[in-house]
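Visitor: Here it is: the structure, laid out below.
Since every read-out is calculated from the coordinates, none of them should be taken as a lab result. Just so it is clear, the structure is predicted and the values come from calculations on it, not from any experiment. Note that each Cβ is placed from the backbone with ideal geometry, even for glycine, and that neighbours are counted across all protein chains shown.
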Amino acid sequence: MPQSRAVIARAQGKPVTLETINVPDPGPGEALVRVRACGVCHTDLHYREGAITNEYPFLLGHEAAGVVEQVGEGVGGLDPGDYVILAWRAPCGLCRSCVRGKPWYCFDSRNAAQPMTLEDGTRLSPALGIGAFTELTLVAAGQAVKVDPAAKPEAAGLLGCGVMAGWGAAVNTGEVKRGETVAVFGCGGVGDAAIAGAAMAGARRIIAVDIDDRKLEWAIQFGATDTINSRHGDPVERIRELTGGHGVDVAVEAVGRPETYKQAFYARDLAGRMVQVGVPDPAMTIELPMIELFGRGGALKSSWYGDCLPSRDFPLLVDAYLAGRFDLDRFVSETIGLEDVEEAFAKMERGEVLRSVVVL
Ligand code: APR
Ligand code: ZN
Ligand code: ZN
């Protein structure tokens, strides 16, 4: 059984450690992947903090690109040497959502059947069913999505989570169309990807809202046409001013807080769409007048992982990247080593980076 160096969260709030783990040879339906790059995402920090489950120890990392090392029995369409992005959604094809033709909601997404373990045999919980801050990882073959190997791993890997979530929130969930107006609340990696998606879809006005001027400058580079620092005034009023008094066709909430949810709700034009992609803490609540819910009409949607279909969307976005139409490199603030993940969490919390990416 192969061994691999890996970033492990052993206990709540404790710094992560670099340890040797055992990675099983791939069994039926599984693939062993040599990780080339893996981005540091908030969800990894949430795992470390115990905000997702308490099934320690966690093998962190889930925004990754790599090369297939070996495939298990019965795996078709995936071979050693294939360049892949790892997805945390691998539609089962059998659940009630897959069966009714909506595999992007799959309720029974596939993961490796065998556990990776610490050297003493302790079972690891891989972040989002992946676990990719490690040289080798074991996934369900369906989680390994083949893309053009010309794409740099540190850029391509980001499609595995945050960038896909944001792009898909605008394009798949919000269905932004040519000529529409869009507002994006929160301009981190997810929000900026929503901005880039809206720009690719042909939105005519893309309004970026954040409380950090540095983030707003970056948002412009992804295609925002206007920026609002909501620390200095009511963004809803300003959005109305920018849209002829009406509000936007699509408002994307990419923070995960009640105040930004409400701002997005009220920033819409009548019958506008709102997309929530920011993940709230379980204790958060919102209160809205029912008459406003009814009277404003439109749609209030949640976007799970950008409602993406990895096998459709990853190759499409990699091709757009290689054609120079989607600037994935701009999300990569720095490349780091496996030993730097803890420090990258601190930079992320200070808002200094869009993404730190571990390169192996
Ligand atoms: N109003 C506007 N912007 C805000 C506010 C606020 N009240 N609070 C925070 N922000 C901004 C931050 O300044 C930052 O630029 O929201 C952005 C959040 O970005 P990141 O922290 O980099 O997070 P990101 O990776 O983009 O994820 C955003 O989407 O998928 C979810 O779990 C993810 O909830 C998270 C959200
Ligand atoms: Zn399914
Ligand atoms: Zn993530």
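Visitor: What GluC sites (Glu not before Pro) does segment 111-165 have in DSSP loop regions with at most 16 other beta carbons within 10 Å?
Guide: Details: sites: GLU119, GLU135, GLU154; in loops: GLU119, GLU135.
Here the sparse-neighbourhood loop sites are GLU119.
Visitor: Based on Cβ point charges of +1 for Lys and Arg and -1 for Asp and Glu, what charge dipole magnitude is obtained for the chain about its Cα centre, in debye rounded to the nearest 20?
Guide: Values: 35 positive and 47 negative charges, 209 e Å.
Using Cβ point charges on Lys, Arg, Asp and Glu, the chain gives about 1000 debye.
Visitor: Whole angstrom only: what separates the Cα centroid of segment 145-217 from the Cα centroid of segment 269-284?
Guide: If you average the Cα positions of each part, the centres end up 16 Å apart.
Visitor: Quick one: Karplus J couplings for segment 226-233, per residue in order, coefficients 6.51, -1.76, 1.60, θ = phi - 60°, nearest Hz, x for Gly and Pro?
Guide: Once θ is set to phi - 60°, the couplings for segment 226-233 become 9, 10, 9, 8, 7, 6, 9, x Hz.
Visitor: Another question, if that's okay. Ignoring everything except DSSP H segments at least 4 long, calculate the 222 nm mean residue ellipticity for the chain; use -39,500 (n - 2.57) per segment, divide by total residues, nearest 500.
Guide: On the way: 11 runs with 90 residues, N = 360.
So the calculated ellipticity at 222 nm is -7000 deg cm²/dmol.
Visitor: Now for a separate question. Pick from LEU328, LEU309, LEU242 the residue whose mean-square fluctuation is largest in a GNM of the chain, springs joining Cα atoms under 10 Å.
Guide: Maximum fluctuation in the GNM of the chain, among the listed residues, is at LEU242.
Visitor: Still on this structure, please answer the following. Pop a pseudo-label 7 angstrom from the Cα along the beta-carbon direction at both THR20 and ARG325 and give the gap in nm to one decimal.
Guide: With each label point 7 Å from Cα toward Cβ, the separation is 4.8 nm.
Visitor: Order the peptides 288-298, 91-101 from the highest to the lowest mean number of other Cβ atoms within 10 Å of their residues.
Guide: On the way: 288-298: 11.1, 91-101: 13.5.
Per-residue mean Cβ counts within 10 Å order the peptides as 91-101, 288-298.
Visitor: Apply the membrane-span-like helix rule to the chain: whole DSSP H runs, Cα extent along the own long axis of at least 15 Å, mean Kyte-Doolittle hydropathy at least 1.0. List the helices found. The partial results should precede the final answer.
Guide: Details: long enough: 189-201 (18 Å, 1.28); 310-322 (17 Å, 0.26).
TM-like helix candidates: 189-201.
Visitor: Report the antiparallel proportion of the DSSP beta bridges in the chain as a percent, rounded to a multiple of 5.
Guide: Details: 34 of 62 bridges.
Antiparallel: roughly 55 percent of the beta bridges in the chain.
Visitor: What is the Cα convex hull volume of the chain when expressed per residue in Å³? Present the calculation step by step, with values, prior to reporting the outcome.
Guide: Numbers: hull volume 46.7 nm³, N = 360.
Once divided by residue count, the hull of the chain is 130 Å³.
Visitor: Can I ask one more? I need the per residue convex hull volume for segment 166-304, using only the alpha carbons, in cubic angstrom as a whole number. Walk me through the numbers on the way to the answer.
Guide: On the way: hull volume 13.1 nm³, N = 139.
With only Cα atoms used, segment 166-304 gives 95 Å³ per residue.
Visitor: Let me ask something additional. From the phi of every residue in segment 278-287, what ³J(HN,Hα) in whole Hz does the Karplus formula 6.51 cos²θ - 1.76 cosθ + 1.60 yield, where θ is phi - 60° and glycine or proline is x?
Guide: Taking θ as phi minus 60°, the curve returns x, 9, x, 6, x, 7, 6, 9, 10, 10 Hz for segment 278-287.
Visitor: Want the number for THR335 to HIS246: 0.36 nm per residue separation, take away the alpha-carbon distance, what's left? Intermediate results must be reported in sequence, preceding the final value.
Guide: Values: separation 89, 0.36 × 89 = 32.04 nm, distance 4.25 nm.
Full extension from THR335 to HIS246 adds 27.8 nm.
Visitor: Quick one: Karplus J couplings for segment 170-178, per residue in order, coefficients 6.51, -1.76, 1.60, θ = phi - 60°, nearest Hz, x for Gly and Pro?
Guide: Couplings: 6, 8, 7, 7, x, 6, 4, 10, 3 Hz.
Visitor: Could you order peptides 167-177, 30-40 by the average number of other Cβ atoms within 10 Å of their residues, highest first?
Guide: Numbers: 167-177: 25.2, 30-40: 26.8.
Most protected by this proxy first, the peptides run 30-40, 167-177.
Visitor: For GLU292 and ASN229, compute 0.36 nm times the residue count separating them, minus their Cα-Cα distance, and round to one decimal in nm. Write down the numbers at each step before the final one.
Guide: Details: separation 63, 0.36 × 63 = 22.68 nm, distance 2.54 nm.
20.1 nm is the gain from fully extending GLU292 to ASN229.
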